[in-house]
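Note sheet for the following structure.
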Amino acid sequence: MPGFLPAPLIALLFLPVLTGNVVIFASLIILFMPLRFLMPTHASRARVTALLIFFASTWCGLNKRIINGFLPDIDWDIELPPALQQDKWYFVIANHQSWVDIHVLFYVFTGRIPFLKYFLKQELIWLPFLGPCMYALDFPFMKRYSKEKLEKHPELKGKDVETTRRSCEKFRHTPVSVMNFLEGTRFTELKHQQQQSPYRHLLKPKAGGMAFTLSALGEQMHRLVDVTIYYPGGIPTFMDFACGRIRRITIRVRQREIPPEAFSCDYETDTEFRTQFQDWTATLWAEKDAELEQLRAMEKQ
């Protein structure tokens with residue numbers, strides 16, 4: 001798509017094509033999903049799951065072509081480790097700044113590692129097309145409870161952990177990339193100030209979800225894939241992306257070893273392990289913060 005077109009016109013052309021791609025493949029996934037419940041054996045159900053993932057991967061591959069076709073002015077500055085494979089299990093973490101992050105991660109990893117599956121808020125299951133589609137693809141839907149509700153209903157405590165464990169059981173049979181934004185929300189300066197975050201460019205990471213997932217999946221979780229996303233022109237909105245206003249996106253990917261004790265220790269009950277795991281997560285986040293600071297410094301040069 002020529003870069004000289006006005007930004008609103010680029011969005012007017014780009015968004016219907018992107019939406020049409022969603023509708024087609026989400027419909028295919030939703031249409032074939034009931035077959036999984038009708039199949040009599042685990043092997044036959046696994047074949048249906050593989051078909052659904054094929055649809056989803058094709059959908060993301062076409063999204064990448066659509067982005068390249070309509071938004072050719074984006075300079076993708078990507079550094080990847082050489083050993084990523086599609087037949088391994090990965091836990092993927094990244095900093096979170098914008099809804100654009102999700103498109104960036106699918107753009108970078110489609111065809112390189114197994115299909116990304118995100119932890120999602122329970123409310124997102126009601127999104128037209130996407131909600132049922134993500135349910136069919138076994139995305140984990142998490143229901144969070146406020147402190148006030150937990151005080152009134154203590155029986156709800158730990159329900160989110162149970163959901164994590166049930167979701168991860170489904171991941172044992174097919175290679176998967178489990179994606180988690182450890183900050184739990186998008187970065188803003190206001191949230192940064194309210195948290196009194198010790199990091200310059202990040203919110204505080206939440207280690208619990210990662211610990212529960214690693215424990216539930218066990219040692220088949222191959223490696224940790226640590227992603228740093230940086231937007232040199234400032235944090236964009238999705239409409240900035242759709243209008244072709246983003247000129248450069250920087251992605252740095254590191255593959256890291258997972259501490260062996262993460263597969264066997266209990267984050268909830270083992271205080272010593274919980275402290276060690278939180279310290280490890282804080283170290284990862286400090287390194288990410290330093291990398292973001294370095295990228296900002298390079299931009300100013």
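Numbers at a glance
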quantity	calculated
Overall form of the range 75-300 per C-alpha gyration tensor (a/c, 1.5; a/b vs b/c)	rounded
Which of His42, His201 has the fewest Cβ neighbours within 10 Å, and the rest in rising order	His42, His201
Theoretical gain in end-to-end length, Leu5 to Glu219 [0.36 nm per residue, Cα-Cα removed]	72.0 nm
Packing-based exposure ordering (other Cβ within 10 Å, fewest first) of Met298, Met239, Met142	Met298, Met239, Met142
Peptides ranked, highest mean first, by Cβ atoms within 10 Å: ranges 112-119, 72-79	112-119, 72-79
Simple spin-label estimate for Glu189 and Ala43 in nanometres, 7 Å along Cα-Cβ	6.1 nm
Virtual paramagnetic centre 7 Å along Cα→Cβ of Lys300, amide N under 15 Å, in the range 233-254	233-234
Contour excess over end-to-end distance, with Cα ends at Met239 and Val23 and 0.36 nm allotted per residue	75.8 nm
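Each reported figure results from applying straightforward, stated rules to the coordinates on display, with no laboratory input. Just so it is clear, the model here is predicted, and its values are computed rather than measured. Cβ coordinates were reconstructed from backbone atoms using ideal geometry, including for glycine residues, and neighbour counts include every protein chain displayed.
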